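Everything on this sheet refers to the single structure shown next.
The values are calculated or read from the model by the stated rules, or taken from the named source; none is laboratory data. The model shown is predicted, which means the values in this text are computed figures rather than measured ones. Here the Cβ is made from the backbone with ideal geometry for all residues, glycine too, and neighbour counts use every protein chain on show. Calculation scope for accessible area: heavy atoms of the full protein, side chains included, ligands and nucleic acids excluded. Shrake-Rupley method; radii C 1.70, N 1.55, O 1.52, S 1.80 Å.
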Number of protein chains: 2
Amino acid sequence: MFLAGLALYAQQPESSSAVHSYINQNQPMILHEFEQLLAIPNIASDTPNIEKNAALLLQMLEKRGLKAELLRVENAPPAILAQGTADPALHTVTFYAHYDGQPVQKADWKQDPWQPTIVPGATIADQRIYARSASDDKAAIVGLISALDALKSTNKRPSVNIKFLFEGEEEAGSPHLEQILSRYHEKLQSDLFVICDGPIYQNGQPDLMFGSRGVVTVQITAFGPNRPLHSGHYGNWAPNPIVELADLLTKLRNTEGEILIPHFYDPVRPLSALEKDALQKLPDLDGQLKNDFAIGRTEGRGKLPEEIMKPGLNLDRIEGGGSGPNPANAIPSSATAYIDFRLVPNQTPAIVKQQLKAYLQQLGYFVVDRPPTVTERLQQAKILQVRWGAGYPPQRTALDAPVSQAFIRAARTVAGDSLVLMPTLGGSTPSFLFEQQFNQPVIGLPIANFDNNQHAANENIKLENLWRGIELYSGIYAHLGEFWR
Amino acid sequence: MFLAGLALYAQQPESSSAVHSYINQNQPMILHEFEQLLAIPNIASDTPNIEKNAALLLQMLEKRGLKAELLRVENAPPAILAQGTADPALHTVTFYAHYDGQPVQKADWKQDPWQPTIVPGATIADQRIYARSASDDKAAIVGLISALDALKSTNKRPSVNIKFLFEGEEEAGSPHLEQILSRYHEKLQSDLFVICDGPIYQNGQPDLMFGSRGVVTVQITAFGPNRPLHSGHYGNWAPNPIVELADLLTKLRNTEGEILIPHFYDPVRPLSALEKDALQKLPDLDGQLKNDFAIGRTEGRGKLPEEIMKPGLNLDRIEGGGSGPNPANAIPSSATAYIDFRLVPNQTPAIVKQQLKAYLQQLGYFVVDRPPTVTERLQQAKILQVRWGAGYPPQRTALDAPVSQAFIRAARTVAGDSLVLMPTLGGSTPSFLFEQQFNQPVIGLPIANFDNNQHAANENIKLENLWRGIELYSGIYAHLGEFWR
């Protein structure tokens, strides 16, 4: 399909004008391949279709002369590994993306989620393609492969050995990724892992992510009487678990986001000068976001990017006294808070668990990890049940590491001064798995527009973001090795 | 039906031995009448059956030579008023009870709730009759009427003019009681109102209640972003409404039941010497109740009866962040606490509302009584939505009032030193309505066993409690006027 006017899509830095021309001329072919991939349903649990996705990806990769193979572990969608002939003089970089997508609620979509549809926007730059995984994460896959073609058209060779790793169950929580990385450790060896997933900064400029926060969840339950008691007959006397829990929460964290658990911040690695500098230089979007979310104040003193550099203690849910239209006037038997901790280097889930336990005991609580027995309830004045959920550690690659500096310089050959440097993603990703398995750095390189409806109905990517993404990938291929010594 | 052994039911004070003999000899007849009444379904909204209850009650009352009539207001079950020929030289006392019952979940019952069933206990004193309203409140009705017969059998006349008022929708919240009292004000004029409802003290001894606490409910909602936000990307920055709410709760009330709202206790009428003395003399059941409820501590420093003499701020429910198996790791849009205040003289719902509002404003909150607008959310740092529910004031009759002292002496002719004097019920009843409409004292005179499964499945009354109740009522009829000058 020919899309008039797409050639106008961007002001290009000079260094990539040849790549830019290639993209301009080949948009129909790239879109055709993208649409073919988007047309195959890709829920991780839909094995026949997942295998069709994998087969098409193998074919796309082999067409480029790459050696491609399926990495299989039991009861999991295959991951796809592809690579060219390696030059031992060059660094090796694995670019990771995933080809599976979030489940869909078809009724919420304006179209079939697997019938990719191009919708014109108010401006050419706002033209979008709608489909499940359009942005998360098939655009990255098509972009990474097309960037190889674009670079080849300029007769320039990549400056690093390139591997692609495409996972098939990221949206199901990557339950087998650790096993895949471990079983195929040799084949996946690299000097750097690049995570091509997620949206770019809210100002629309390309960005690099140098890590993500860890996470660990916990449920804390306070107890009252063994059955709800009439609040008139027993209030003021039978301990109220909601009051107990509220009191505890204010001792864990204040309304400015500061965590009050002793020594909690001790393991936190201070920001480096470069990280501080990067934060300073980030475009200030606080006003725009406060407006968007209708909030009249923010917690903490810093702007959003500064605040998410810190560890966090988030209250995700609280419940006690049942639900439904009419609460009984009764003292409930228990009340529960659902918390997630966000962790930064060098915190770990194990350290946080130990710190919280010690603090709760210091506050005089008797702590159990299952419902208290009657004897315990009778003998202990203050009991908490503490149930830890899943968790994993943070990962952050130093901004002043040679590989980071080289990566930034390579990206700037395309993005120029607009490049946004994020020392960490606020959210949590399993990027630590790569760091842990290979003891090598990890950098995040997203291309999708911020407003892509990721995980929701009417997922989309701006075509502009795909074209700029291909250029960015080409720039990294071409120049990373030059700057990385 | 003949129940062997029931004659052994209690050690009787001498004063009522004639009444005691009457009851012993007439148990089968009393039970027969009780069972007939219990056999008619009595949910306030079940009009045909409610009318059958009323018709049977009219018949029972007229059989005793009383003038009985139905007091009707629109769309409400009839109340029944009955009285004999009044002696203008005597005080007039209205004994109130209700003939409707709580709705039933038949599946939870061991039998049909309207097929009264006598079940033998481990001892004769534990023999019970099971049926809806067996204790709450048809036992009181049958007891009040049978006490007339018992007194008559001794050839003694009541020492006061007796009226009976039997309400038909107490368990639906008495929505028309105020209207009934107002419309039939003249007919209902009395010097004292006696509320024959509720269970007796947990030690099983008869008790008198000299008031009940008032109540007013309120929902308080704190706000975060206008939609749930990813806690990794926005935590520490977007205000967390659960944290805000927990912080507020600790400023309203501490874990010892003390209310921190300025001037909250100012209107509280100090306990009189007699009230303090009555509290001192109450049997100490704290240990037994802590065991029963499996609690290792109590709030406050006082024993249960002392604590419920104070006003209370009870957390009945808290919610925020949804429900279901897996909480999202997200900052919720709002969090809500459901509170009930219990009030004592001379507090009123109006005073509490004003105090809370002033305090919230002093704490820096912008307070609204409906969801805040977008403009308000953007302009105000801290917003609370405060929604008041229904409420009514407390009622308490002074222990040292002549009527109270006379009532105690009259009750002691039957109960002797075992009589328990409760300066107030912890719960809330509309006893203030009688005080307010007639400007006359109100005293509570319960007879049901504490463990009667009131409002629940398998409601029951110990037969022992019915027999002792009849004696107690007879004693009041016979002696109240003698002591009340």
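Before moving on, here are some points about what is shown:
- Only listed residue being open to solvent by 10 Å² or more (accessible area, probe 1.4 Å) and of a type in the set (Asp, Glu), chosen from A:ASP126, A:ASP136: A:ASP126
- Condition broken by B:ALA82, with the remaining ones in (1) in a loop (DSSP other than H, G, I, E, B); (2) in contact with a strand residue (DSSP E or B) (Cβ under 9 Å, 6 or more places away or on another chain) satisfied: (1)
- If the condition is being facing chain A (nearest Cβ under 7 Å) and either open to solvent by 20 Å² or more (accessible area, probe 1.4 Å) or small (Gly, Ala, Ser) (or both), then region B:195-216 contributes no residue at all.
- Number of positions in region B:118-133 that are at pLDDT 85 or above, among the hydrophobic types (A, V, I, L, M, F, W, C) and assigned to a loop (DSSP other than H, G, I, E, B): 1
- Filter result for the condition that a residue is open to solvent by 10 Å² or more (accessible area, probe 1.4 Å) and free of Cβ contacts under 8 Å to residues at least 60 places away in the same chain, over B:GLN436, B:GLN454, B:GLN405: B:GLN436
- Answer residue from region A:393-445, given it is within 13 Å of the chain's Cα centre (by Cα) and part of a loop (DSSP other than H, G, I, E, B) and is nearest to A:VAL268 (Cα to Cα) among those: A:PRO394
- Filtered by the rule that a residue be more than 16 Å from B:LEU480 (Cβ to Cβ) and either open to solvent by less than 30 Å² (accessible area, probe 1.4 Å) or assigned to a helix (DSSP H, G or I) (or both), region B:144-162 gives B:ILE145, B:SER146, B:ASP149, B:LYS152, B:SER153.
- For region B:296-311, the set of residues classified as within 7 Å of chain A (Cβ to nearest Cβ), within 26 Å of B:PRO393 (Cβ to Cβ) and charged (D, E, K, R) consists of B:GLU299, B:GLU307, B:LYS310, listed by residue number.
- Each residue in region B:289-301 was checked for being open to solvent by less than 10 Å² (accessible area, probe 1.4 Å) and at negative phi, and 4 of them qualify.
- Flag if B:ASP284 is facing chain A (nearest Cβ under 9 Å) and open to solvent by 30 Å² or more (accessible area, probe 1.4 Å): no
- Assessment of region A:181-189 against the conditions (open to solvent by 30 Å² or more (accessible area, probe 1.4 Å), modelled with pLDDT under 95 and under 26 Å from A:GLN102 (Cα atoms)) yields no matching residue.
- Residues that are touching a residue at least 12 places away in the same chain (Cβ under 8 Å) and in a helix (DSSP H, G or I) do occur in region B:98-113.
- Candidates A:ARG387, A:ARG396, A:ARG412 - the one that is surrounded by 17 or more Cβ atoms within 10 Å (Cβ to Cβ), closer than 28 Å to A:TYR338 by Cβ, at pLDDT 95 or above and not small (Gly, Ala, Ser): A:ARG396
- Of B:GLY475, B:GLY389, B:GLY469, all but one fail to be closer than 30 Å to B:ILE180 by Cβ, among the small types (Gly, Ala, Ser) and not in a helix (DSSP H, G or I); the exception is B:GLY389.
- Residue that is nearest to the other protein chains (Cβ to nearest Cβ), among those in region A:220-265 that are within 30 Å of B:GLN395 (Cβ to Cβ), open to solvent by 10 Å² or more (accessible area, probe 1.4 Å) and in a loop (DSSP other than H, G, I, E, B): A:PRO239
- For first residues located in region B:219-233 and farther than 18 Å from B:LEU360 by Cβ, partners that are open to solvent by 40 Å² or more (accessible area, probe 1.4 Å) and not in a strand (DSSP E or B) and lie 6+ apart or on another chain with Cβ distances below 8 Å form the pairs B:ASN226/B:VAL374; B:PRO228/B:ALA328; B:HIS230/B:ASN329; B:SER231/B:ASN329; B:GLY232/B:ASN329.
- For A:ALA401, the conditions (1) at pLDDT 95 or above; (2) farther than 30 Å from A:GLY143 by Cβ all hold with the exception of (2).
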